[in-house]
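This report concerns only the one structure given below.
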Amino acid sequence: MIPSQKSIDELKEIAKREFGVEWTDKEASDAAYNLLNYFDTLMKWAGDDIKTYLRLEKEPQGFAIEGDQLITCGLCGKLSPARECWKDKHGLKCRLCQKAVRDGIVPTSICRNKDRWFSFEALKEKFGIHPATARSLVRKGELKSRVIMNDIGKPHFTIFLREDNYQFLKIDKDVPPSDLEEYDKDVAKWAEDYKQKMAEQRTK
């Protein structure tokens with residue numbers, strides 16, 4: 001996408017007014033080009049997310065991901081082949097985390113808000129609790145963990161829910177909605193607006 005001369009001139013005025021910087025036409029053109037492409041990419045991502053939202057209305061249980069590329073699980077953060085991942089309204093997850101969510105091992109409320117749970121690493125970083133100490137506290141019943149198992153019954157990933165451990169950790173029980181949760185609301189609104197626009201076009 002190529003910026004117009006009007007956009008370049010406006011960007012030069014903004015740079016001078018807001019930052020006291022006088023750009024040449026080329027500098028302003030480069031900045032405008034980068035901005036346009038950045039927002040174009042954001043629009044494409046939003047369009048993809050709207051399509052996913054509409055698909056999930058028809059497939060509320062979610063759907064498998066196609067392809068052989070490696071994908072990062074939205075919960076455990078580990079890489080898995082795309083064909084072993086699952087997408088639903090709670091995000092993209094590897095097969096093992098998806099099963100844990102489906103079986104109620106971990107609640108869906110944590111999938112789009114990482115402040116509602118802690119990993120071993122987060123306990124050490126935020127509270128100074130070493131993984132070995134955390135395991136000891138779990139055995140004593142002072143900390144409560146949720147363990148996602150792999151296919152051979154070994155721990156795949158361990159989660160410490162805020163709501164299970166807030167008293168021991170001396171923190172608030174809940175947290176505000178995350179940016180992802182707020183974005184999900186935006187996508188839902190955009191999708192509803194899109195459906196309404198399509199319905200209006202069909203009646204014309």
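The values are calculated or read from the model by the stated rules, or taken from the named source; none is laboratory data. These numbers come from a predicted model, not from an experiment. Backbone-built Cβ (ideal geometry, glycine too); neighbour counts: all protein chains shown.
Structure summary
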item: Conditions (1) assigned to a loop (DSSP other than H, G, I, E, B); (2) closer than 30 Å to Ala191 by Cβ; (3) in contact (Cβ under 8 Å) with a residue 24 or more places away in the chain; number of the one not met by Ile2; result: (2)
item: Residue check, Asp193 farther than 15 Å from Asp115 by Cα and exposed (fewer than 14 other Cβ atoms within 10 Å of the Cβ); result: yes
item: Set Arg139, Arg83, Arg112: member being modelled with pLDDT under 95 and either exposed (fewer than 14 other Cβ atoms within 10 Å of the Cβ) or in a loop (DSSP other than H, G, I, E, B) (or both); result: Arg83
item: Residue among Glu22, Glu10 that is over 18 Å from Leu92 (Cβ atoms) and not in a helix (DSSP H, G or I); result: Glu22
item: Search result, residues across the stretch 5-58 that are in contact with a Phe, Trp or Tyr (Cβ under 6 Å, 6 or more places away or on another chain) and free of Cβ contacts under 8 Å to residues at least 60 places away in the same chain; result: Lys12, Ala15
